[in-house]
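A quick write-up on the structure given underneath.
Bear in mind these aren't lab numbers, they're just calculated from the coordinates by the rules spelled out. On a predicted model such as this, the values are computed, not experimentally measured, just so you know. Note that we place each Cβ from the backbone using ideal geometry, even for glycine, and neighbour counts take in every protein chain shown.
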Amino acid sequence: MNRFAALYDAIDASTATQSKVAALSAYFSSAPPADAAWAVAFLTGRRPKRLVRAPDLRTWAAQAANIPDWLFEESYAQVGDLAETITLLVPHEDASDGASLAEWVEQRILPLLSLIHI
């Protein structure tokens with residue numbers, strides 16, 4: 001996962017096509033096939049369907065940040081982007097557990113689908 005995050009940062013940080021191509025080439029020449037497949041899916045916009053409703057994310061994020069819902073909503077209104085608001089307010093855990101992109105998607109994210117129907 002860290003390698004994909006680094007790839008995304010490299011692509012996002014540059015406006016030069018050559019830099020972006022070099023970052024993509026370096027990633028895909030060494031990424032495991034499953035990670036490469038998920039990277040292509042995410043980079044081309046083919047991500048899994050919405051697994052969690054935005055109102056649920058806001059509620060859970062407020063709980064994780066240990067703040068009242070109203071304060072989270074006010075912060076969200078100021079920031080204007082839910083992902084950025086969550087990133088700013090929710091305490092960060094060390095995500096460098098070594099799990100690959102494929103492991104994150106297949107073992108941690110996609111199983112959330114089963115929670116929707118509870």
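Sum up the charges of everything whose Cβ sits under 14 Å from the Cβ of PHE28, counting Lys and Arg as +1 and Asp and Glu as -1, but leave PHE28 out.
For residues surrounding PHE28, the net value is +1.
What nm distance separates the two modelled labels at ASP69 and LEU113, each placed 7 Å from Cα along Cα→Cβ?
In this crude spin-label approximation the distance works out to 2.9 nm.
What full-extension length gain, to one decimal in nm, is calculated for GLU84 and SER14 as 0.36 nm per residue of separation minus the Cα-Cα distance?
Contour length minus the Cα-Cα distance gives 23.2 nm.
Specify the angular offset, from 0 to 90 degrees and rounded to the nearest 10, of the alpha carbon long axis of helix 17-30 from the longest principal axis of the alpha carbons in the chain.
Roughly 90 degrees between the two axes.
Semi-axes of the equivalent ellipsoid for the chain, please: Cα gyration tensor eigenvalues, times 5, square-rooted, ordered largest first, whole Å.
29, 19, 13
Please rank ILE86, ILE67, fewest neighbouring Cβ atoms within 10 Å first, as an exposure proxy.
Going from least to most buried by this count: ILE67, ILE86.
Which net charge results for the neighbourhood of ARG50, defined as the other residues with beta-carbon distances under 15 angstrom from its beta-carbon, given Lys and Arg at +1 and Asp and Glu at -1?
So the surrounding residues net to +4.
To test your reading of the geometry: what angle, between 0 and 90 degrees and rounded to tens, separates the Cα axis of helix 2-13 from the longest principal axis of the chain?
Approximately 90 degrees, to the nearest ten.
What's the local net charge at SER100, with K and R +1, D and E -1, over the other residues with C-beta under 13 Å away?
Value of the local net charge: -2.
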